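FYI, it's all coordinate maths here, none of it is from the lab. In this text the structure is predicted, and so the values were computed from the model without any measurement. Here the Cβ positions follow ideal geometry from the backbone for every residue, glycine too, while neighbour counts run over all protein chains shown.
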Amino acid sequence: MIDPSREQELNEALELFFFGYREFTAYPDAVLAERGLGRVHHRILYFVGRNPGVTVGELLSILGVSKQALNAPLRRLMAERLVENAVGESDRRARHLRLTADGSALEAQLSGSQRERMAGIFAAEGPDREAAWRAVMRDVAGTQAGWEA
């Protein structure tokens, strides 16, 4: 049960989370919008870039979405030659995803701006505050399928 005397503080925390995320995603969102893409496309580019050769099934697990939710955005990225797939060598039914050179460049632009921002904040705040932030974010993320610290 929530302590009623903390409601205002908790509301402030919710608002900081919302406004922080909005600011954190503003530049990537603008770049994506110029191409008619959205955050789901960025998430796909990011996780395929971090996991070259990931299967569609593994990507579904990492993102925690249904096959239907992933299908159209992934097809769009493939049509724009940002993501490519290859048939698995041991299991020909498996499709292994990789970023193309253009996909890697776009992902680097999108996530690079976010990495730079985080690096600057962490440098300014120091290692103890970075560690505290990471601990809080791990608790917020919980035990999301496909994510490990």
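Against the chain, whose longest principal axis comes from its Cα atoms, helix 127-141 is set at around 70 degrees. Candidates 21, 141, 55 compared by Cα position along the dipole of the chain: farthest toward the positive end lies 55, with charges placed on Cβ. Tell me the relative contact order for the chain as a rounded percent, counting alpha carbon contacts under 8 Å between residues six or more apart. For the chain, the relative contact order is 25 percent. Averaging the Cα positions of each part gives two centres, and for the range 100-125 and the range 24-86 these lie 16 Å apart. In terms of surrounding Cβ atoms within a 10 Å radius of their Cβ, 83, 140 rank from fewest to most as 140, 83.
As a rough footprinting exposure proxy, the listed residues 106, 63, 70 were ranked by other beta carbons within 10 Å of their own, and the order from fewest upward is 70, 63, 106. Scan the chain and report its longest stretch carrying no trypsin sites (Lys or Arg not before Pro) that are both in a DSSP loop and have at most 15 other Cβ atoms within 10 Å. No qualifying site falls inside 94-149, the longest such stretch. Each of 19, 122 was scored by other Cβ atoms within 10 Å of its Cβ. Arranged with the fewest first, they read 19, 122.
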